[in-house]
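The values are calculated or read from the model by the stated rules, or taken from the named source; none is laboratory data. Source: prediction; values computed, not measured. Neighbour counts are summed over all protein chains in view; Cβ atoms, including those assigned to glycine, are modelled from backbone coordinates with ideal geometry. Heads up: the accessible areas ignore ligands, DNA and RNA and are worked out on the full protein's heavy atoms, side chains in. Shrake-Rupley method; radii C 1.70, N 1.55, O 1.52, S 1.80 Å.
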Amino acid sequence: MDNQGFFHVLEKETAQARASMLSVPVIEACDDKAISLQTYTAFLVQAYHHVKHTVPLLMACGSRLPEHYEWLRQALGAYIEEEKGHHEWILDDLRACGFDAELAKANCGEGQVGLGIEMMVAYLYHQIDRKNPMALFGMVWVLEGTSVSIGGSMAALIQQMLSLPDTAMRYLTSHSTLDVEHIGYFADLMNKVTDPADQQAIIDSANRVYALYESMLRALPMTTTQTQVA
């Protein structure tokens, strides 16, 4: 074990997958101020389709943890309280962008879940139900770590280039702020995980989730017209 704790190991063992995900064209397009409203709403749709599963996944994980992880089950309870209703924020963001949020709720047309997110959610449920529930923390690391590192800056760039109101940015802006607070807490939790099998399950899950999230980002429509919300 690295003398800096498991969280440091998790960062190191997933750095390559993280770098690959951050190399996708859509992030470069953000930096170049070339993101369209269609790209942003397509991203929000996919975010909705995984965020709506966050609380159910946390609950499922908590129900599967063995007794010696009671301290971790208590932490999951706090996460659940924090995450409740966040998928509704995304629907509100979509509406503020002029997108029919009912399409996302009905999972049809332009609101349909993509393969990358569908497989990511299915993978996590499978790990919890049939493999090792600790795998869920791989997802937590990917999403919270990414939000902290680039979420805030991406939100500011997108809002500026598309002239979007604050009401269209609640998911990205709130999560970049919330997850800064979460990441230290998450690191402390991970440093208490000492079982090698559980540590490996978290690492493997994070690498898989990075790859599937990257697949989603690469599939986003990239258009050159920067439609603004009136």
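Results, tabulated for the structure shown:
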quantity	calculated
Check: the chain dipole with +1 on Lys, Arg Cβ and -1 on Asp, Glu Cβ, in debye	340 debye
Per residue accessible area of the chain, 1.4 Å probe, in Å²	46 Å²
Along each principal axis, Cα extent of the range 82-190, largest first, Å	43, 33, 21
Rg over Rh, two decimals, the chain (C-alpha only, Kirkwood Rh)	0.97
Rounded tilt (10° steps) of 136-146 against the dominant C-alpha axis of the chain	40 degrees
Carbon plus sulfur fraction of accessible area for the range 54-188, probe 1.4 Å, in percent	54 percent
Segment M59-T223, extension gain: residue separation times 0.36 nm, minus the distance between their alpha carbons	55.2 nm
